[in-house]
Ligand code: NDP
């Protein structure tokens, strides 16, 4: 029997793209969502539906999920990975930046959950994987709104897990430390960006996106009766 459908949000780069490649190699049909459609197509994965969807658009997320389920059958998992990190000091940061982080990292994640959860509950089967961060467990300078958004991801995951445990739906939180991706590139504060790059160098190199993808695969591929609630991972040299 063919492995079931998995949905990955933010699959156009970094952790999402690495996870898409890995799960496709295990034979899963995929629904890949991000705004940059050409980057999704460039992955050239088999049995994959790519849709240009802004994760903050709840209707578009639901429509894409419905389309994929019609083509490949019910979604067995969603990996809510789409996120932005716009670091800044509250005294200086344009409020539009923290608004965007909350919209994408929190509301976008809820949109992903909302699109698949009723089906999973009805089938008494399914896995929701939320990509949070170590910044969802502890605070860092210049991270006020980002940490706020990722602490929210941790709280949403744990509370949702409690709500759906009785329906046999798993909720898994993945909390990586620093990973080499495009994420930092969107921060507009050049001084903070430089400090962050130095921090990455000081620890002797950060995780690769493939390390996080492998962790997601491991958590997902446990038997359905086993719910790994949270995995925290970081480069061995990351002290914070
Ligand atoms: P990237 O910037 O490489 O990837 C982010 C992904 O999110 C892209 O595919 C991007 O696609 C997508 N995305 C952003 N905004 C939207 C939106 N409005 N709608 C749909 N998709 C969107 O970074 P990472 O791979 O590092 O980030 C993935 C997740 O991992 C994030 O949640 C991040 O917070 C988390 N994380 C990352 C760490 C790191 O050090 N890199 C550490 C801990 C957690 P597009 O622009 O095409 O829409």
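Odds and ends about this structure:
- Within segment 161-170, the residues that satisfy the criterion of being out of contact with any helix residue (DSSP H, G or I) (no Cβ under 7 Å at 6 or more places or on another chain) and assigned to a helix (DSSP H, G or I) are 161, 162, 163, 165, 166.
- Residue 170 falls short of the stated requirement of being surrounded by fewer than 20 Cβ atoms within 10 Å (Cβ to Cβ) and farther than 24 Å from residue 95 by Cβ.
- Pair list, Cβ under 6 Å, 6 or more apart: segment 70-95 residue closer than 30 Å to residue 194 by Cα, other residue more than 16 Å from the ligand (Cβ to nearest atom): 88/189
- Within segment 63-89, if we keep just the residues that are more than 14 Å from the ligand (Cβ to nearest atom) and surrounded by 15 or more Cβ atoms within 10 Å (Cβ to Cβ), the residue that is farthest from residue 132 (Cα to Cα) turns out to be 72.
- Residue count for segment 116-132 satisfying the condition of being more than 25 Å from residue 196 (Cα to Cα) and touching a residue at least 60 places away in the same chain (Cβ under 8 Å): 4.
- Verdict on residue 105 being within 14 Å of the ligand (Cβ to nearest atom), crowded, with 18+ Cβ neighbours inside 10 Å and within 24 Å of residue 70 (Cα to Cα): no
- Residue check: residue 141 meets all listed conditions (1) farther than 23 Å from residue 14 by Cα; (2) touching a helix residue (DSSP H, G or I) at 6+ places or on another chain (Cβ under 9 Å); (3) surrounded by fewer than 16 Cβ atoms within 10 Å (Cβ to Cβ); (4) in contact (Cβ under 8 Å) with a residue 40 or more places away in the chain but one, namely (4).
- Meets criteria (out of contact with any strand residue (DSSP E or B) (no Cβ under 8 Å at 6 or more places or on another chain), at pLDDT 95 or above and over 19 Å from residue 220 (Cβ atoms)) for residue 58: yes
The rows are residues; the columns are (1) near the ligand (Cβ under 10 Å from one of its atoms); (2) in contact with a strand residue (DSSP E or B) (Cβ under 9 Å, 6 or more places away or on another chain); (3) farther than 27 Å from residue 26 by Cβ.
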residue	(1), (2), (3)
173	no, yes, no
183	yes, no, no
189	no, no, yes
204	no, no, yes
239	no, no, yes
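The values are calculated or read from the model by the stated rules, or taken from the named source; none is laboratory data. Keep in mind that this is a model prediction, so the values were computed, not measured. Using ideal geometry, Cβ is built from the backbone for each residue, glycine included, and neighbour counts are taken over all protein chains shown.
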